[in-house]
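Visitor: Sending over a structure as C-alpha coordinates; questions will come in a sec.
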(Lines give C-alpha, C1' and ligand atoms only; values in the text may rest on other atoms or scores of the structure.)
Protein backbone atom coordinates (compact mmCIF):
# COMPACT_ATOMS: atom_id res chain seq x y z
CA UNK A 1 0.00 0.00 0.00
CA UNK A 2 2.85 2.33 0.93
CA UNK A 3 4.53 1.48 -2.35
CA UNK A 4 1.42 2.45 -4.24
CA UNK A 5 1.08 5.77 -2.44
CA UNK A 6 4.79 6.43 -2.80
CA UNK A 7 4.61 6.23 -6.56
CA UNK A 8 1.62 8.49 -6.65
CA UNK A 9 3.08 11.03 -4.22
CA UNK A 10 6.50 11.07 -5.85
CA UNK A 11 4.97 12.08 -9.18
CA UNK A 12 2.52 14.52 -7.74
CA UNK A 13 2.82 18.06 -9.05
CA UNK A 14 1.24 21.28 -7.85
CA UNK A 15 1.30 24.35 -10.07
CA UNK A 16 2.74 27.37 -8.28
CA UNK A 17 1.00 30.74 -8.41
CA UNK A 18 1.51 32.91 -11.50
CA UNK A 19 3.51 35.62 -9.77
CA UNK A 20 5.84 33.14 -8.05
CA UNK A 21 8.52 33.44 -10.73
CA UNK A 22 8.30 37.25 -10.67
CA UNK A 23 8.95 37.18 -6.92
CA UNK A 24 11.92 34.88 -7.36
CA UNK A 25 13.34 36.94 -10.24
CA UNK A 26 13.04 40.10 -8.13
CA UNK A 27 14.89 38.48 -5.25
CA UNK A 28 17.61 37.26 -7.59
CA UNK A 29 18.04 40.74 -9.09
CA UNK A 30 18.30 42.30 -5.62
CA UNK A 31 20.85 39.67 -4.63
CA UNK A 32 23.00 40.35 -7.71
CA UNK A 33 22.85 44.10 -7.08
CA UNK A 34 23.91 43.72 -3.45
CA UNK A 35 26.65 41.32 -4.56
CA UNK A 36 27.94 43.92 -7.02
CA UNK A 37 27.74 46.63 -4.38
CA UNK A 38 29.68 44.42 -1.96
CA UNK A 39 32.26 43.79 -4.66
CA UNK A 40 32.60 47.54 -5.30
CA UNK A 41 32.86 48.39 -1.62
CA UNK A 42 35.48 45.66 -1.25
CA UNK A 43 37.38 47.09 -4.22
CA UNK A 44 37.13 50.59 -2.75
CA UNK A 45 38.50 49.44 0.58
CA UNK A 46 41.21 47.42 -1.12
CA UNK A 47 42.20 50.40 -3.30
CA UNK A 48 42.30 52.80 -0.34
CA UNK A 49 44.41 50.34 1.66
CA UNK A 50 46.76 49.96 -1.30
CA UNK A 51 47.05 53.74 -1.65
CA UNK A 52 47.79 54.09 2.06
CA UNK A 53 50.44 51.37 1.90
CA UNK A 54 52.08 52.85 -1.20
CA UNK A 55 52.08 56.35 0.33
CA UNK A 56 53.60 54.90 3.49
CA UNK A 57 56.30 53.11 1.52
CA UNK A 58 57.00 56.25 -0.52
CA UNK A 59 57.44 58.46 2.54
CA UNK A 60 59.41 55.73 4.28
CA UNK A 61 61.84 55.63 1.38
CA UNK A 62 62.01 59.43 1.33
CA UNK A 63 62.95 59.49 5.00
CA UNK A 64 65.58 56.82 4.46
CA UNK A 65 67.08 58.76 1.56
CA UNK A 66 67.12 62.04 3.46
CA UNK A 67 68.65 60.40 6.52
CA UNK A 68 71.35 58.90 4.27
CA UNK A 69 71.92 62.32 2.73
CA UNK A 70 72.20 63.81 6.18
CA UNK A 71 74.90 61.35 7.06
CA UNK A 72 76.71 62.34 3.88
CA UNK A 73 76.17 66.02 4.55
CA UNK A 74 77.66 65.95 8.04
CA UNK A 75 81.33 65.69 7.05
CA UNK A 76 80.99 68.75 4.82
CA UNK A 77 82.29 71.06 7.53
CA UNK A 78 85.12 68.70 8.25
CA UNK A 79 85.99 68.59 4.57
CA UNK A 80 85.93 72.36 4.53
CA UNK A 81 88.13 72.46 7.61
CA UNK A 82 90.57 70.07 6.03
CA UNK A 83 90.65 72.26 2.97
CA UNK A 84 91.20 75.33 5.10
CA UNK A 85 93.93 73.49 6.93
CA UNK A 86 95.57 72.47 3.69
CA UNK A 87 95.36 76.05 2.48
CA UNK A 88 97.05 77.23 5.64
CA UNK A 89 99.67 74.50 5.45
CA UNK A 90 100.41 74.86 1.77
CA UNK A 91 100.25 78.53 0.93
CA UNK A 92 101.75 78.05 -2.53
CA UNK A 93 98.67 76.14 -3.68
CA UNK A 94 96.16 78.61 -2.38
CA UNK A 95 96.11 80.94 -5.38
CA UNK A 96 95.62 78.10 -7.83
CA UNK A 97 93.00 76.19 -5.88
CA UNK A 98 91.09 78.95 -4.13
CA UNK A 99 88.60 79.42 -6.98
CA UNK A 100 87.89 75.68 -7.29
CA UNK A 101 87.51 75.36 -3.57
CA UNK A 102 85.09 78.25 -3.43
CA UNK A 103 82.96 76.65 -6.11
CA UNK A 104 83.17 73.24 -4.44
CA UNK A 105 82.25 74.74 -1.09
CA UNK A 106 79.29 76.50 -2.70
CA UNK A 107 78.11 73.29 -4.41
CA UNK A 108 78.39 71.43 -1.11
CA UNK A 109 76.42 74.19 0.55
CA UNK A 110 73.71 73.91 -2.08
CA UNK A 111 73.54 70.15 -1.67
CA UNK A 112 73.30 70.33 2.07
CA UNK A 113 70.64 73.03 1.94
CA UNK A 114 68.63 71.04 -0.58
CA UNK A 115 68.79 67.92 1.52
CA UNK A 116 67.81 69.84 4.59
CA UNK A 117 64.77 71.39 2.84
CA UNK A 118 63.64 68.01 1.53
CA UNK A 119 63.87 66.64 5.03
CA UNK A 120 61.97 69.62 6.44
CA UNK A 121 64.86 70.43 8.69
CA UNK A 122 65.14 74.08 7.85
CA UNK A 123 66.69 74.93 11.19
CA UNK A 124 69.50 72.51 10.65
CA UNK A 125 70.07 73.89 7.19
CA UNK A 126 70.31 77.43 8.51
CA UNK A 127 72.78 76.30 11.16
CA UNK A 128 74.79 74.51 8.53
CA UNK A 129 74.89 77.60 6.33
CA UNK A 130 76.05 79.76 9.24
CA UNK A 131 78.78 77.31 10.05
CA UNK A 132 79.99 77.13 6.49
CA UNK A 133 79.94 80.94 6.20
CA UNK A 134 82.04 81.20 9.32
CA UNK A 135 84.40 78.62 7.93
CA UNK A 136 84.65 80.61 4.71
CA UNK A 137 85.33 83.84 6.62
CA UNK A 138 87.93 82.04 8.64
CA UNK A 139 89.45 80.65 5.46
CA UNK A 140 89.62 84.12 3.94
CA UNK A 141 91.14 85.68 7.04
CA UNK A 142 93.71 82.94 7.50
CA UNK A 143 94.75 82.15 3.96
CA UNK A 144 98.40 82.88 3.44
CA UNK A 145 99.67 83.42 0.00
CA UNK A 146 103.16 82.94 -1.22
CA UNK A 147 103.40 86.67 -1.99
CA UNK A 148 102.40 87.53 1.56
CA UNK A 149 105.06 85.20 2.93
CA UNK A 150 107.71 86.79 0.75
CA UNK A 151 106.54 90.31 1.58
CA UNK A 152 106.06 90.03 5.32
CA UNK A 153 108.80 87.53 6.07
CA UNK A 154 108.86 84.85 8.75
CA UNK A 155 107.76 87.08 11.69
CA UNK A 156 104.47 88.02 10.13
CA UNK A 157 104.09 84.41 9.03
CA UNK A 158 104.50 83.31 12.63
CA UNK A 159 101.90 85.84 13.67
CA UNK A 160 99.51 84.51 11.03
CA UNK A 161 100.15 80.96 12.14
CA UNK A 162 99.29 81.88 15.70
CA UNK A 163 96.06 83.49 14.49
CA UNK A 164 95.26 80.43 12.41
CA UNK A 165 95.88 78.22 15.41
CA UNK A 166 93.58 80.31 17.55
CA UNK A 167 90.90 80.12 14.87
CA UNK A 168 91.22 76.36 14.65
CA UNK A 169 90.91 76.04 18.39
CA UNK A 170 87.76 78.18 18.21
CA UNK A 171 86.28 75.94 15.53
CA UNK A 172 86.98 72.82 17.56
CA UNK A 173 85.42 74.49 20.58
CA UNK A 174 82.35 75.35 18.54
CA UNK A 175 82.00 71.81 17.40
CA UNK A 176 82.92 69.81 20.47
CA UNK A 177 82.61 72.27 23.32
CA UNK A 178 86.22 71.89 24.49
CA UNK A 179 89.68 71.20 23.06
CA UNK A 180 91.66 68.22 24.31
CA UNK A 181 95.38 68.32 25.04
CA UNK A 182 96.03 65.88 22.26
CA UNK A 183 94.26 68.10 19.74
CA UNK A 184 96.21 71.13 20.92
CA UNK A 185 99.50 69.26 20.56
CA UNK A 186 98.46 68.11 17.10
CA UNK A 187 97.59 71.63 16.01
CA UNK A 188 100.84 72.99 17.38
CA UNK A 189 102.83 70.36 15.61
CA UNK A 190 101.04 70.96 12.31
CA UNK A 191 101.61 74.69 12.57
CA UNK A 192 105.33 74.13 13.18
CA UNK A 193 105.63 71.90 10.19
CA UNK A 194 103.84 74.30 7.89
CA UNK A 195 105.89 77.20 9.23
CA UNK A 196 109.11 75.37 8.49
CA UNK A 197 107.87 74.54 5.03
CA UNK A 198 107.08 78.21 4.42
CA UNK A 199 110.52 79.25 5.59
CA UNK A 200 112.07 76.74 3.24
CA UNK A 201 110.09 78.19 0.41
CA UNK A 202 111.34 81.68 1.19
CA UNK A 203 115.00 80.69 1.36
CA UNK A 204 114.74 78.23 -1.59
CA UNK A 205 116.44 75.56 0.35
CA UNK A 206 116.21 71.82 -0.13
CA UNK A 207 115.23 69.94 3.02
CA UNK A 208 114.61 66.51 4.45
CA UNK A 209 111.89 65.48 6.86
CA UNK A 210 114.26 64.95 9.75
CA UNK A 211 115.85 68.37 9.20
CA UNK A 212 112.45 69.95 9.12
CA UNK A 213 111.47 68.32 12.41
CA UNK A 214 114.73 69.22 14.08
CA UNK A 215 114.48 72.79 12.93
CA UNK A 216 110.93 73.02 14.07
CA UNK A 217 111.80 71.76 17.52
CA UNK A 218 114.77 74.07 17.69
CA UNK A 219 112.76 77.08 16.59
CA UNK A 220 109.99 76.28 18.97
CA UNK A 221 112.44 75.89 21.82
CA UNK A 222 114.15 79.05 20.79
CA UNK A 223 110.93 80.94 20.56
CA UNK A 224 109.79 79.65 23.91
CA UNK A 225 113.15 80.44 25.46
CA UNK A 226 112.99 83.97 24.09
CA UNK A 227 109.50 84.43 25.41
CA UNK A 228 110.42 82.98 28.77
CA UNK A 229 113.48 85.14 28.87
CA UNK A 230 111.45 88.22 28.09
CA UNK A 231 108.92 87.28 30.71
CA UNK A 232 111.63 86.69 33.32
CA UNK A 233 113.36 89.95 32.43
CA UNK A 234 110.15 91.89 32.72
CA UNK A 235 109.40 90.27 36.07
CA UNK A 236 112.89 91.05 37.32
CA UNK A 237 112.55 94.64 36.16
CA UNK A 238 109.32 94.93 38.07
CA UNK A 239 110.81 93.56 41.32
CA UNK A 240 113.92 95.72 40.92
CA UNK A 241 111.79 98.83 40.49
CA UNK A 242 109.67 97.91 43.52
CA UNK A 243 112.76 97.48 45.71
CA UNK A 244 114.20 100.80 44.47
CA UNK A 245 110.95 102.58 45.17
CA UNK A 246 110.80 101.12 48.71
CA UNK A 247 114.42 102.17 49.45
CA UNK A 248 113.65 105.65 48.26
CA UNK B 1 42.20 5.96 -26.86
CA UNK B 2 38.92 7.48 -27.84
CA UNK B 3 37.42 9.85 -25.38
CA UNK B 4 33.68 9.73 -25.12
CA UNK B 5 32.31 13.20 -24.99
CA UNK B 6 28.89 13.33 -23.41
CA UNK B 7 26.63 15.64 -25.38
CA UNK B 8 25.22 18.49 -23.35
CA UNK B 9 21.59 17.82 -22.46
CA UNK B 10 19.06 20.59 -22.11
CA UNK B 11 19.53 20.82 -18.33
CA UNK B 12 23.29 21.19 -18.65
CA UNK B 13 22.90 23.99 -21.18
CA UNK B 14 20.35 25.72 -18.99
CA UNK B 15 22.60 25.35 -15.95
CA UNK B 16 25.53 26.78 -17.91
CA UNK B 17 23.45 29.77 -18.95
CA UNK B 18 21.97 30.18 -15.46
CA UNK B 19 25.48 30.42 -14.05
CA UNK B 20 25.89 33.55 -16.20
CA UNK B 21 22.76 34.94 -14.52
CA UNK B 22 20.76 34.46 -17.68
CA UNK B 23 17.28 35.07 -16.35
CA UNK B 24 15.62 33.31 -19.28
CA UNK B 25 17.53 30.07 -18.62
CA UNK B 26 16.78 30.33 -14.92
CA UNK B 27 13.09 30.74 -15.69
CA UNK B 28 13.12 27.65 -17.91
CA UNK B 29 14.72 25.60 -15.14
CA UNK B 30 12.22 26.96 -12.66
CA UNK B 31 9.24 26.18 -14.87
CA UNK B 32 10.52 22.66 -15.40
CA UNK B 33 11.01 21.75 -11.75
CA UNK B 34 8.74 24.12 -9.76
CA UNK B 35 5.50 22.01 -9.89
CA UNK B 36 7.33 18.87 -8.72
CA UNK B 37 9.14 20.75 -5.98
CA UNK B 38 5.96 22.41 -4.76
CA UNK B 39 4.40 18.97 -4.51
CA UNK B 40 7.41 17.83 -2.49
CA UNK B 41 7.24 20.84 -0.16
CA UNK B 42 3.54 20.20 0.32
CA UNK B 43 4.29 16.78 1.94
CA UNK B 44 5.95 18.65 4.76
CA UNK B 45 4.01 21.91 4.99
CA UNK B 46 0.26 21.83 5.29
CA UNK B 47 -0.37 25.36 4.10
CA UNK B 48 0.06 25.72 0.32
CA UNK B 49 1.18 29.36 0.42
CA UNK B 50 3.83 28.56 2.98
CA UNK B 51 4.89 25.58 0.93
CA UNK B 52 5.25 27.85 -2.11
CA UNK B 53 7.30 30.30 -0.07
CA UNK B 54 9.59 27.44 0.98
CA UNK B 55 9.86 26.32 -2.62
CA UNK B 56 10.85 29.85 -3.71
CA UNK B 57 13.47 29.99 -0.96
CA UNK B 58 14.76 26.65 -2.22
CA UNK B 59 14.97 27.90 -5.81
CA UNK B 60 16.70 31.08 -4.64
CA UNK B 61 19.36 28.86 -3.05
CA UNK B 62 19.49 26.69 -6.16
CA UNK B 63 20.33 29.67 -8.39
CA UNK B 64 22.68 31.42 -5.98
CA UNK B 65 24.59 28.21 -5.15
CA UNK B 66 24.47 26.76 -8.63
CA UNK B 67 28.27 26.93 -8.92
CA UNK B 68 28.52 24.29 -6.17
CA UNK B 69 26.58 21.74 -8.24
CA UNK B 70 29.21 19.41 -9.65
CA UNK B 71 27.18 17.22 -12.01
CA UNK B 72 27.91 14.22 -9.79
CA UNK B 73 24.25 13.27 -9.37
CA UNK B 74 21.08 14.32 -11.09
CA UNK B 75 20.16 17.97 -11.03
CA UNK B 76 16.65 17.07 -9.91
CA UNK B 77 18.03 15.08 -6.96
CA UNK B 78 20.19 18.06 -5.96
CA UNK B 79 17.18 20.43 -6.06
CA UNK B 80 15.10 17.90 -4.10
CA UNK B 81 17.69 17.77 -1.31
CA UNK B 82 17.65 21.55 -1.09
CA UNK B 83 13.84 21.61 -0.94
CA UNK B 84 13.72 18.94 1.78
CA UNK B 85 16.35 20.82 3.79
CA UNK B 86 14.41 24.07 3.43
CA UNK B 87 11.16 22.40 4.53
CA UNK B 88 12.74 20.70 7.54
CA UNK B 89 14.47 23.95 8.54
CA UNK B 90 11.18 25.82 8.28
CA UNK B 91 9.38 23.29 10.48
CA UNK B 92 12.25 23.34 12.96
CA UNK B 93 12.16 27.13 13.20
CA UNK B 94 8.40 27.43 13.22
CA UNK B 95 7.23 24.79 15.61
CA UNK B 96 10.38 23.09 16.85
CA UNK B 97 9.94 19.49 15.88
CA UNK B 98 8.70 17.60 18.92
CA UNK B 99 9.11 13.87 18.79
CA UNK B 100 6.15 12.59 20.81
CA UNK B 101 6.43 9.16 22.42
CA UNK B 102 3.02 9.33 24.08
CA UNK B 103 0.72 6.92 22.25
CA UNK B 104 -2.38 8.61 23.64
CA UNK B 105 -2.00 11.36 21.06
CA UNK B 106 -2.48 8.87 18.24
CA UNK B 107 -5.42 7.22 19.99
CA UNK B 108 -7.26 10.54 20.10
CA UNK B 109 -7.12 11.09 16.35
CA UNK B 110 -10.56 12.01 15.13
CA UNK B 111 -12.17 9.77 12.61
CA UNK B 112 -12.75 12.15 9.69
CA UNK B 113 -15.17 10.83 7.10
CA UNK B 114 -13.85 10.97 3.52
CA UNK B 115 -15.68 9.95 0.42
CA UNK B 116 -12.73 9.12 -1.82
CA UNK B 117 -10.63 6.78 0.23
CA UNK B 118 -7.76 6.08 -2.10
CA UNK B 119 -7.32 9.44 -3.73
CA UNK B 120 -3.90 11.03 -3.36
CA UNK B 121 -5.48 14.19 -1.96
CA UNK B 122 -6.95 12.10 0.89
CA UNK B 123 -3.61 10.54 1.60
CA UNK B 124 -2.09 14.00 1.66
CA UNK B 125 -4.81 15.16 4.01
CA UNK B 126 -4.11 12.28 6.38
CA UNK B 127 -0.38 12.99 6.27
CA UNK B 128 -1.10 16.65 6.97
CA UNK B 129 -2.96 15.65 10.09
CA UNK B 130 0.13 13.96 11.52
CA UNK B 131 2.34 15.86 13.98
CA UNK B 132 5.23 17.58 12.18
CA UNK B 133 7.95 15.28 13.57
CA UNK B 134 6.06 12.13 12.55
CA UNK B 135 5.16 13.61 9.19
CA UNK B 136 8.77 14.51 8.37
CA UNK B 137 10.07 11.06 9.29
CA UNK B 138 7.24 9.35 7.40
CA UNK B 139 7.80 11.48 4.27
CA UNK B 140 11.54 10.98 4.32
CA UNK B 141 11.30 7.24 4.84
CA UNK B 142 8.29 6.32 2.73
CA UNK B 143 8.26 8.90 -0.07
CA UNK B 144 11.92 9.96 -0.35
CA UNK B 145 13.21 6.48 0.55
CA UNK B 146 15.77 7.73 3.05
CA UNK B 147 17.34 5.24 5.45
CA UNK B 148 16.88 5.69 9.21
CA UNK B 149 20.56 6.57 9.56
CA UNK B 150 20.16 9.32 6.94
CA UNK B 151 17.00 10.62 8.62
CA UNK B 152 18.76 10.61 11.99
CA UNK B 153 21.69 12.58 10.55
CA UNK B 154 19.42 15.09 8.81
CA UNK B 155 17.13 15.72 11.79
CA UNK B 156 19.82 15.37 14.49
CA UNK B 157 17.98 12.51 16.21
CA UNK B 158 18.84 8.90 16.98
CA UNK B 159 17.90 6.07 14.63
CA UNK B 160 15.69 4.69 17.40
CA UNK B 161 13.67 7.91 17.54
CA UNK B 162 13.33 7.83 13.75
CA UNK B 163 12.00 4.28 13.87
CA UNK B 164 9.58 5.11 16.69
CA UNK B 165 8.25 8.15 14.82
CA UNK B 166 7.73 6.09 11.68
CA UNK B 167 5.90 3.40 13.64
CA UNK B 168 3.60 5.99 15.17
CA UNK B 169 2.93 7.65 11.81
CA UNK B 170 2.09 4.34 10.19
CA UNK B 171 -0.23 3.33 13.01
CA UNK B 172 -2.03 6.67 12.90
CA UNK B 173 -2.49 6.53 9.15
CA UNK B 174 -3.75 2.96 9.28
CA UNK B 175 -6.30 4.00 11.89
CA UNK B 176 -7.44 6.94 9.81
CA UNK B 177 -7.78 4.81 6.68
CA UNK B 178 -9.62 2.06 8.52
CA UNK B 179 -12.08 4.47 10.03
CA UNK B 180 -12.77 6.13 6.72
CA UNK B 181 -13.11 2.78 4.97
CA UNK B 182 -15.69 1.69 7.51
CA UNK B 183 -17.52 4.92 7.04
CA UNK B 184 -17.31 4.57 3.27
CA UNK B 185 -18.61 1.02 3.30
CA UNK B 186 -21.28 1.98 5.75
CA UNK B 187 -22.63 4.66 3.49
CA UNK B 188 -22.44 2.42 0.50
CA UNK B 189 -24.45 -0.33 2.05
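Visitor: Report yes if residue B:149 is at pLDDT 60 or above, in the same structural domain as residue B:42 (by TED's automatic domain parsing), part of a helix (DSSP H, G or I) and surrounded by fewer than 16 Cβ atoms within 10 Å (Cβ to Cβ), otherwise no.
Guide: Values: at pLDDT 60 or above: yes; in the same structural domain as residue B:42 (by TED's automatic domain parsing): no; part of a helix (DSSP H, G or I): yes; surrounded by fewer than 16 Cβ atoms within 10 Å (Cβ to Cβ): yes.
So residue B:149 fails the test.
Visitor: Right, another one. Residue A:18 passes all but one of (1) closer than 18 Å to residue B:40 by Cβ; (2) in a loop (DSSP other than H, G, I, E, B); which number fails?
Guide: (1)
Visitor: Can you tell me which residue within the stretch B:21-52, out of those that are more than 9 Å from chain A (Cβ to nearest Cβ) and in a helix (DSSP H, G or I), is farthest from residue A:22 (Cα to Cα)? Break it down into steps so the answer makes sense when it comes.
Guide: Initially, the stretch B:21-52 is screened for residues more than 9 Å from chain A (Cβ to nearest Cβ), giving B:22, B:24-25, B:28-29, B:32-33, B:44-47, B:50.
Filter again for in a helix (DSSP H, G or I), leaving B:24-25, B:28-29, B:32-33, B:44, B:50.
On the way: B:24: 12, B:25: 14, B:28: 13, B:29: 14, B:32: 15, B:33: 16, B:44: 24, B:50: 17 Å.
Looking at residues that are more than 9 Å from chain A (Cβ to nearest Cβ) and in a helix (DSSP H, G or I), I get B:44.
Visitor: If you go through the stretch B:129-137 one residue at a time, do you hit one that is closer than 23 Å to residue A:11 by Cβ, surrounded by fewer than 17 Cβ atoms within 10 Å (Cβ to Cβ), modelled with pLDDT under 80 and under 19 Å from the mean Cα position of the chain (by Cα)? Break it down stepwise before answering.
Guide: Just the residues of the stretch B:129-137 that are closer than 23 Å to residue A:11 by Cβ, to begin with: B:129-130, B:135-137.
Next, only the ones that are surrounded by fewer than 17 Cβ atoms within 10 Å (Cβ to Cβ) stay: B:129.
Filter again for modelled with pLDDT under 80, leaving none.
So far as the stretch B:129-137 goes, no, none of its residues is closer than 23 Å to residue A:11 by Cβ, surrounded by fewer than 17 Cβ atoms within 10 Å (Cβ to Cβ), modelled with pLDDT under 80 and under 19 Å from the mean Cα position of the chain (by Cα).
Visitor: A further question follows. If you go through the stretch B:126-145, how many residues are without any contact (Cβ under 8 Å) to a residue 40 or more places away in the chain and within 12 Å of chain A (Cβ to nearest Cβ)?
Guide: Of the residues in the stretch B:126-145, the ones without any contact (Cβ under 8 Å) to a residue 40 or more places away in the chain are B:131, B:133-134, B:137-138, B:141-142, B:145.
From what is left, the residues that are within 12 Å of chain A (Cβ to nearest Cβ) are B:138, B:141-142, B:145.
Qualifying residue count, the stretch B:126-145: 4.
Visitor: Give A:69, A:35, A:4, A:39 a once-over and let me know the one that is more than 7 Å from chain B (Cβ to nearest Cβ), part of a helix (DSSP H, G or I), modelled with pLDDT under 90 and touching a helix residue (DSSP H, G or I) at 6+ places or on another chain (Cβ under 7 Å).
Guide: On the way: A:35 fails: touching a helix residue (DSSP H, G or I) at 6+ places or on another chain (Cβ under 7 Å); A:4 fails: touching a helix residue (DSSP H, G or I) at 6+ places or on another chain (Cβ under 7 Å); A:39 fails: touching a helix residue (DSSP H, G or I) at 6+ places or on another chain (Cβ under 7 Å).
Unique residue meeting the criteria: A:69.
Visitor: All but one of (1) touching a residue at least 24 places away in the same chain (Cβ under 8 Å); (2) within 22 Å of residue B:135 (Cα to Cα); (3) within 13 Å of chain A (Cβ to nearest Cβ) hold for residue B:63; which doesn't?
Guide: In the conditions (1) touching a residue at least 24 places away in the same chain (Cβ under 8 Å); (2) within 22 Å of residue B:135 (Cα to Cα); (3) within 13 Å of chain A (Cβ to nearest Cβ), residue B:63 misses (2) alone.
Visitor: Okay, moving on. Among the residues in the stretch A:43-62, are any assigned to a helix (DSSP H, G or I), in contact (Cβ under 8 Å) with a residue 12 or more places away in the chain and more than 10 Å from every other protein chain (Cβ to nearest Cβ)? Let's see the steps before the verdict.
Guide: Pass one, the stretch A:43-62, residues assigned to a helix (DSSP H, G or I): A:43-62.
Checking which are in contact (Cβ under 8 Å) with a residue 12 or more places away in the chain leaves us with A:62.
If we keep only those that are more than 10 Å from every other protein chain (Cβ to nearest Cβ) as well, we get A:62.
Yes, there is a match, as at least one residue in the stretch A:43-62 is assigned to a helix (DSSP H, G or I), in contact (Cβ under 8 Å) with a residue 12 or more places away in the chain and more than 10 Å from every other protein chain (Cβ to nearest Cβ).
The values are calculated or read from the model by the stated rules, or taken from the named source; none is laboratory data. Note that the structure is predicted; figures quoted are calculated from it, not measured. Glycine gets a Cβ as well: all are built from the backbone with ideal geometry, and neighbour counts include every protein chain shown.
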